[in-house]
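Inspection log for the structure reproduced underneath, given as structure tokens.
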Amino acid sequence: MSLQGKVAIVTGAAAGIGAACARKLAAAGASIVATDLDRARGESLVASLEAMGTKATFIQHDVCDEAAWPTVTAAAMERFGRLDIMVANAGIAIAGPIETMRLEDWRKQQAVNVDGVFLSVRHAIAPMRASGGGSIIIMSSVAGLRGAAGLAGYSATKAAVRYFAKSAAMELVADGIRVNSVHPGVIDTEIWDKMSEAQREKGVNMRIDPHERVKAIVPAGVIGTPDEIAEGVLFLASDASRYMTGAEIVIDGGMTAGAAPRR
């Protein structure tokens with residue numbers, strides 16, 4: 001699954017799944033434009049990529065800010081000459097029951113998780129078309145496939161981008177641009193720590209608590225790693241998946257297959 005000569009933008013790249021995706025794509029030969037709000041960690045990531053011989057650059061970037069997007073795509077085109085891969089990974093989760101969820105928190109999740117994905121795709125189209133096509137990978141979640149108590153706002157956004165990916169795939173197929181979504185389960189990243197903390201503070205009986213109840217909800221009995229999600233992203237970014245568009249890759253240890261066996 002070589003990506004030699006290809007150029008990728010990865011949003012939310014400073015940590016977690018985004019950082020793992022940037023490293024995995026770089027290891028396969030891609031040049032990387034990494035974006036994130038966290039400048040210190042983003043620059044550290046790029047330094048580590050450059051140390052392994054990858055051409056990479058970091059841009060501090062809010063995915064909700066449409067005015068900033070031309071700078072991101074221009075960085076790919078001006079520095080590396082093309083754009084082949086967009087990993088629309090940036091996202092947030094705010095846990096809480098519907099009854100007490102603030103409209104502000106609902107809208108914030110919509111802005112980052114839905115508007116940010118829309119802008120990622122919209123601004124990737126022209127440079128990808130100029131490059132002869134490409135692959136757009138949208139990071140959804142198992143929360144976009146099934147409901148979860150205490151995660152109504154997050155689930156709504158992840159379901160939205162699931163179907164947005166399918167519509168975009170149909171719209172862009174004639175341009176040689178493929179659009180697919182990835183649906184991680186419980187993955188060992190900071191987002192789950194933050195949601196678990198919010199759960200404890202608000203007394204929400206969330207179904208997903210990776211540190212206390214993982215064996216009860218994940219048939220595989222273990223928490224996934226960011227690298228395992230990045231492997232799926234690498235597949236979708238590469239020509240190995242050239243006949244796939246509008247599809248979903250679910251990487252969840254069996255969560256959406258059925259109930260976990262008793263142990």
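The values are calculated or read from the model by the stated rules, or taken from the named source; none is laboratory data. Note that the structure is predicted; figures quoted are calculated from it, not measured. Counting neighbours? That spans all protein chains shown, and the Cβs are built from the backbone with ideal geometry, glycine included. Each accessible area value is taken on the protein alone, full model and side chains, heavy atoms only, with ligands, DNA and RNA left out. Shrake-Rupley method; radii C 1.70, N 1.55, O 1.52, S 1.80 Å.
Enclosing the Cα atoms of region 85-163 in their convex hull gives a volume equal to 73 cubic angstrom per residue. For the pair SER167 and SER44, a Förster radius of 41 Å applied to the C-beta separation gives a FRET efficiency near 0.70, rounded to the nearest 0.05. Helix content alone sets the calculated 222 nm mean residue ellipticity of the chain: runs of n ≥ 4 DSSP H residues at -39500 (n - 2.57) each, divided across all residues, give -12500 deg cm²/dmol.
In terms of Cα atoms, the Rg and Dmax of the chain work out to 17.7, 55 Å. The GluC sites (Glu not before Pro) of region 52-135 that meet both conditions, a loop assignment by DSSP and at most 14 other Cβ atoms within 10 Å of the site Cβ, are GLU99.
Using heavy-atom solvent-accessible surface (probe 1.4 Å) with all chains present, what is the largest-first order of ARG79, ARG162, ARG39?
Sorted by accessible area, descending: ARG79, ARG39, ARG162.
Please state, as a whole number in µm²/s, the translational diffusion coefficient that the Stokes-Einstein equation yields for region 35-119 at 37 °C and 0.692 mPa s, with Rh defined as the Kirkwood radius across alpha carbon pairs.
Working: Rh = 14.7 Å.
Taking Rh from Cα pairs, D becomes 224 µm²/s.
What net charge do the residues around VAL10 carry, taking every other residue with its C-beta under 12 Å from that of VAL10, with Lys and Arg at +1 and Asp and Glu at -1? Walk me through the numbers before you get to the answer.
On the way: positive: ARG23, LYS24; negative: ASP36.
Spelling it out: positives minus negatives among the neighbours equals +1.
Under a Cβ-Cβ cut-off of 14 Å, what is the net charge of the residues other than GLY42 that fall near it, where Lys and Arg count +1 and Asp and Glu count -1? Present the calculation step by step, with values, prior to reporting the outcome.
Details: positive: ARG23, ARG39, ARG41; negative: ASP36, ASP38, GLU43, GLU50, ASP62.
Local charge sum for GLY42: -2.
The residue list PRO127, GLY153, ALA90 was ranked by how far each Cα lies along the charge dipole of region 43-160 toward its positive end, using unit charges on Cβ atoms, and PRO127 comes out on top. Ligands, DNA and RNA left out, the 1.4 Å accessible surface of region 1-52 is 51% carbon and sulfur atoms.
Here the Kirkwood formula puts the hydrodynamic radius of region 1-155 at 15.9 Å, using every distinct Cα pair.
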